[in-house]
Amino acid sequence: MKRVLSGIQPSGQLTLGNYIGAMKHFVAMQEEHDCSFMIVDLHAITVPQEPAALREQSESVAALFVAAGLDPAKANIFMQSHVREHAELGWLLTTMTYMGELERMTQFKDKSSGKESVGAGLFTYPSLMAADILLYQTDLVPVGEDQKQHLELTRDLAGRFNQRYGETFTVPQPLIPKVGARVMSLDDASKKMSKSNPNAGSYIALLDSPDVIRKKISRAVTDSGREVKFDPQNKPEVSNLIAIYSACSALTPQEIEARYEGQGYGPFKKDLAEQVVALLEPIQARYQEVRASGELRRILADGAENARQVAAQTVRTVKERMGFVLD
Ligand code: ATP
Ligand code: LTN
């Protein structure tokens, strides 16, 4: 059994990109591995958040974890901020991270570009993410393609610590899906679908109503041709829609091409919308039940309790090796 850990930021409404690139795989992995999944609220505050919205989004992400199929009896589900050791190890690892390493991070460059002022936490974000992972001796980290660079840094930090202070951390591996690792925006296929995009038409939220989903897909940009062809180089918009279709159904991109040969984009988009609606409807129904039942409080309390046991031990070992006087 491998140790698996991942996190999603409560920085907005979860999107179909989050589901296809990450959450769907969390659900599959809980059957075979020792899994922990976090709502990474400490990461979400690296960009400004309204307190009421942060609280609502954090609960919403937790409920969506359960609604999408994570079972608290199989996987540990918790809020990052409920386990203080994340902030503590985050600081210790920040002191071991080089400025040059952080300056190279493309997520930082993207999120800070054009901003008048940027919080220092956005810059040191990857050291906190490394702490999340290393606290639990994680073997595998299921993430979308955009997190690959952060995982590389995590591996480097684990290696650096082990070399300097003796074998302490497991060096984790990213697990990036073959299809759907980078779902693109519906309005611009050069950008990834992102929940913090101010244009809601650029993403499908997991909680969008069927009518909103149909509308967003019918308005999704395509090229002026009419061939449903999977060709990410020359037809990035249509290829993105085919990838979404493939991830929501059991069909490969080639099977989808064959099904819509000679029919143009209309029927393809219509069916795609119905595939997405059918995927999300049961998740949305379960979501309402979970929110109404009040079960989240217990799930998160148990999750944090289990996490703390491991995290506290790791931080103790780390502090001892670094030369702190232990309490
Ligand atoms: P934000 O826009 O606030 O940065 P995000 O939508 O990029 O958020 P995260 O919380 O940063 O989402 O990511 C959660 C998980 O979802 C990560 O594993 C990430 O790689 C994955 N993910 C996010 N967006 C996509 C996408 N467009 N395609 C595939 N996977 C994605
Ligand atoms: N940085 C990730 C979220 C994240 C994460 C983690 C993912 C924070 N801590 C630990 C995996 C493991 C993101 O932006 N998607």
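The values are calculated or read from the model by the stated rules, or taken from the named source; none is laboratory data. Computed from a predicted structure; not experimentally measured. Here Cβ is always computed from backbone atoms with ideal geometry, including for glycine, and neighbour counts include all displayed protein chains. The accessibility values were calculated without ligands, DNA or RNA, using every heavy atom of the protein model including side chains. Shrake-Rupley method; radii C 1.70, N 1.55, O 1.52, S 1.80 Å.
Among the protein heavy atoms of the stretch 1-150, carbon and sulfur supply 52% of the accessible surface, probe 1.4 Å, non-protein parts ignored. Net charge within 12 Å of residue 151 by Cβ-Cβ distance, Lys/Arg positive one each and Asp/Glu negative one each, not counting residue 151 itself? Local net charge: -3. Relative to the longest principal axis of the Cα atoms of the chain, the long axis of helix 265-293 makes an angle of roughly 40 degrees.
Give the aspartates and glutamates reachable from residue 74 as a straight Cα distance under 12 Å; neighbours fewer than 8 places away on the same chain don't count. Cα-Cα hits under 12 Å: 31, 32, 34.
Keeping every protein chain present and rolling a 1.4 Å probe, give me the accessible area per residue for the stretch 107-235 in Å².
With the other protein chains kept in place, the stretch 107-235 gives 50 Å² per residue.
For the set 195/269; 148/235; 24/235; 2/192; 195/216, the pairs lying more than 20 angstrom apart at their alpha carbons are 195/269; 148/235; 24/235; 2/192.
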